[in-house]
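What follows is a set of notes on a single structure, which appears directly below.
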Amino acid sequence: TSIEAHELNFVDMQSNVEDLIMIANQAILVKFQELSQRVSNSVQGGSNPSSVVTTSMLFDGRGSLNPDLSVGEVDGQNFTLRELVLKLMSLDSDVQDLSAKIRAKGGITVGNSYFPSYDNLVGIIKTENPSANTVSCFVDAQLIFGHVKTLTPREQKDTASLNKDLSVTDSTLIDIATATYPLIEPYTGTAKDYTPGASLDCFKSKEVWSGAGHSAGQGREAKIADQARAARSKVENIAQQKLKNAPTLLALALEMARRSEDWHLELHKYFTAEQSVLGALKLPDDDIFQLFSEVFQLIAESWHVHRSAVHVVGDNIDPVERLATYIWSTLRVHEIMEEFVIARFKHHPIIQSAFVRFLTRKTGENTSAALAAKIAAIDKEMKSVKEASGGAKRDCVTLTKKLQTLSDNHDQFIRRNDLKK
């Protein structure tokens, strides 16, 4: 079957999955309300045997929801929780297969939105948003922080001159996308603060990241999460205003904003879990946060590869082409973001490689330190032996002198007393 035929059903299938989840939630809620009422009746001494409810009706022997719990009826056929879950799994698998086919052909899928090709995206922009003055509506985990950046008058002037027909906010986001370094300021600081390969300021210590003392829980981790949340809200408001007559692009903008905030929250969960695991291995906090700094920089660099496409954006580019190029490269970053989330970060090849290099380096440093300590101990021991041997030599000389004195005294005694030896 051609991918074109499958593409027509992609959004419908995604919607079916979401509708089924909503129906399942509603059905389970109604069933719990119904059973709760029956439990209440039985407690109050109701005589109707059907009102008596046992926990086995709700839970199986492991404490999970009973898979045979009836969740509703369709066309006279009763459906259980087990059947509903299996149907959801089947539909989700079909959606994943279709998504993989679209991506294999060079297309992009994000949530309910899919774009078989760049030209397809251009066509949608021409239809829904021909003015194309909506760069600020489309963000990823890096660009979202452009909405919380406070510009100086000089920066406002510079960014406004980049694209004269765009707003300062739009120009700022293009500036971020075309930056020489993969800067994500809440983590990396500005260009003058950022040194590739050096430890990032937010990971200088556990106290900086998590907060300490009265500021516990109020470190950079919390600040970044708050900034991402506020930025997402701002993006959503802008998108709903600018794209109210562009349903496809509005849905895409809202989904990109949600995923951008969620990505940082998932990253922070990974750091928290790894702190616990690496702490149990007796690794110092300073080493752990050095690893986190390296990991984050590698992730940012993996995104930056796709920014190269935005470098062609300029004043002489058609506005639709400019917006399409910007969105397309940003969606490519979303694909990489999704790879990290699906791999739960720790299973992603980039992070696994960084972890192996880190452990190898630390093992080498520890081995080198242990060897140096052993050499120092041997050197100290040799000095002790040398000193001990020097003392023994002095004792021998003293003893020899005493023996000689004793021999002389003995000879004198013999002579004085006219004794023969």
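The values are calculated or read from the model by the stated rules, or taken from the named source; none is laboratory data. No experiment lies behind these values; they were computed from the predicted model shown. In this analysis, Cβ positions are derived from the backbone assuming ideal geometry, glycine residues included, and neighbour counts consider all displayed protein chains. These area figures cover heavy atoms from the full protein model, side chains too; ligands, DNA and RNA do not enter into them. Shrake-Rupley method; radii C 1.70, N 1.55, O 1.52, S 1.80 Å.
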| said: Residues that are open to solvent by 60 Å² or more (accessible area, probe 1.4 Å) and either hydroxyl-bearing (Ser, Thr, Tyr) or under 16 Å from Ile144 (Cβ atoms) (or both): does the range 217-227 have at least one? | reply: yes
| query | Which one of these is in a helix (DSSP H, G or I) and in contact with a Leu (Cβ under 8 Å, 6 or more places away or on another chain): Ser233, Ser171? | reply | Ser171
| Are there any pairs, at least 6 apart or on different chains, whose C-beta atoms fall under 9 Å, with the first in the range 342-368 and at negative phi and the second modelled with pLDDT under 85 and surrounded by fewer than 11 Cβ atoms within 10 Å (Cβ to Cβ), and if so, which? | none
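Please find, among Ala100, Ala160, the residue that is at pLDDT below 75, exposed (fewer than 15 other Cβ atoms within 10 Å of the Cβ), in a helix (DSSP H, G or I) and hydrophobic (A, V, I, L, M, F, W, C). Spell out how you get there, then give the answer.
Values: Ala160 fails: exposed (fewer than 15 other Cβ atoms within 10 Å of the Cβ).
Among Ala100, Ala160, only Ala100 is at pLDDT below 75, exposed (fewer than 15 other Cβ atoms within 10 Å of the Cβ), in a helix (DSSP H, G or I) and hydrophobic (A, V, I, L, M, F, W, C).
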| task | Identify the residue in the range 237-251 that is surrounded by fewer than 17 Cβ atoms within 10 Å (Cβ to Cβ) and assigned to a helix (DSSP H, G or I) and, among all such residues, is nearest to the chain's Cα centre (by Cα). | result | Asn237
| said: Just to be sure before I move on: is Leu283 in a loop (DSSP other than H, G, I, E, B), touching a helix residue (DSSP H, G or I) at 6+ places or on another chain (Cβ under 8 Å) and not β-branched (Val, Ile, Thr) in the structure I sent? | reply: yes
| If we scan the range 333-348, do we find a residue that is of a type in the set (D, E, K, R) and closer than 25 Å to Ser167 by Cβ? | no
| query | Say we look at the range 308-334 and pick out the residues that are at pLDDT below 85, part of a helix (DSSP H, G or I) and aliphatic (A, V, I, L, M); which of these is most open to solvent (accessible area, probe 1.4 Å)? | reply | Val312
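When the residues of the range 127-151 are narrowed to those that are more than 31 Å from the chain's Cα centre (by Cα) and exposed (fewer than 15 other Cβ atoms within 10 Å of the Cβ), which ends up modelled with the lowest pLDDT?
Looking only at the range 127-151, we keep the residues that are more than 31 Å from the chain's Cα centre (by Cα), and these are 127-133.
Filter once more, so that each one left must be exposed (fewer than 15 other Cβ atoms within 10 Å of the Cβ): 127, 130-131.
Values: Thr127: 94, Pro130: 91, Ser131: 88.
Here the answer is Ser131.
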| Looking at the range 263-272, which of the residues that are out of contact with any Phe, Trp or Tyr (no Cβ under 8 Å at 6 or more places or on another chain) and open to solvent by less than 50 Å² (accessible area, probe 1.4 Å) is farthest from Asn133 (Cα to Cα)? | His268
| request: Report yes if Thr180 is open to solvent by 60 Å² or more (accessible area, probe 1.4 Å), at pLDDT below 90 and in a loop (DSSP other than H, G, I, E, B), otherwise no. | output: yes
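Identify, from the list Ser260, Ser205, Ser233, the residue that is more than 20 Å from Thr109 (Cα to Cα), open to solvent by less than 50 Å² (accessible area, probe 1.4 Å) and hydroxyl-bearing (Ser, Thr, Tyr).
Working: Ser260 fails: more than 20 Å from Thr109 (Cα to Cα); Ser233 fails: open to solvent by less than 50 Å² (accessible area, probe 1.4 Å).
The match here is Ser205.
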